[in-house]
Amino acid sequence: MTDIRPLEKTDEDAWRQLWAGYLAFYKTELAQSVTDGLFANLLKGEPHFALVAEHEERVVGFTHCLPHASTWSSSPYLYLEDLYVDASVRCTGAGRALVEAVYKEADRRGYARVYWHTENGNKTARRLYDRLATLSEFVQYRRS
């Protein structure tokens, strides 16, 4: 059974290990100051927030969410920016539980939409996402 709850200060060591795994998965490195600032801001819980997944009393996953205004709705949208589950517990329901908890929190807060991105080749995650959401036709462009 996976339990989902808000991120707490006592989760810092576990969260940092998971965050490092997430960054490694995406072949990305960030300055330590970015990670430190992110954790501090996530603890504040506003405007963005974080949820963690616990399995057998161990933090095994997280999600980071950012609400924002929309020009297409009178209610805000919720961007699920990061979702990661430790490889040792993938396919146990932790990822699904995190997404469903985000949906529940979005409904509680009155957000009109929940959306996220993933890499095209992230097949494991996409199998889950295809069961929980509708794939958008939009393509992301960015200035790096």
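Quick notes
- Selection from the range 107-144 of residues that are among the charged types (D, E, K, R), under 15 Å from the mean Cα position of the chain (by Cα) and assigned to a loop (DSSP other than H, G, I, E, B): 119
- Qualifying residue in the range 2-18 (condition: out of contact with any strand residue (DSSP E or B) (no Cβ under 7 Å at 6 or more places or on another chain) and within 22 Å of residue 123 (Cα to Cα)): no
- So residue 115, is it buried (at least 18 other Cβ atoms within 10 Å of the Cβ), in contact with a strand residue (DSSP E or B) (Cβ under 7 Å, 6 or more places away or on another chain) and not small (Gly, Ala, Ser): no
- Among the residues here, residue 114 does not qualify as in contact with a Ser or Thr (Cβ under 9 Å, 6 or more places away or on another chain), at negative phi and β-branched (Val, Ile, Thr).
- Scanning the range 89-106 turns up no residue that is part of a strand (DSSP E or B), modelled with pLDDT of 95 or more and closer than 23 Å to residue 16 by Cα.
- Per the conditions (1) surrounded by 11 or more Cβ atoms within 10 Å (Cβ to Cβ); (2) under 25 Å from residue 6 (Cα atoms); (3) among the polar types (S, T, N, Q), the sole criterion not satisfied by residue 88 is (1).
- Among (1) at pLDDT below 95; (2) within 18 Å of residue 118 (Cβ to Cβ) - the single one residue 84 does not satisfy: (1)
- Among the residues of the range 38-84, just one is over 20 Å from residue 14 (Cα atoms) and among the charged types (D, E, K, R), namely 46.
- A single entry from 23, 43, 51, 38 fulfils the requirement of being in a helix (DSSP H, G or I), farther than 25 Å from residue 144 by Cα and free of Cβ contacts under 8 Å to residues at least 60 places away in the same chain: 43.
- Residue within the range 99-110 that is crowded, with 20+ Cβ neighbours inside 10 Å, touching a Gly at 6+ places or on another chain (Cβ under 9 Å) and within 25 Å of residue 39 (Cβ to Cβ) present: no
- Of all residues in the range 118-144 being exposed (fewer than 15 other Cβ atoms within 10 Å of the Cβ) and small (Gly, Ala, Ser), the one that is farthest from residue 72 (Cα to Cα): 121
The values are calculated or read from the model by the stated rules, or taken from the named source; none is laboratory data. Predicted, not measured: the structure shown is a model, and the values here were computed from it. Backbone-built Cβ (ideal geometry, glycine too); neighbour counts: all protein chains shown.
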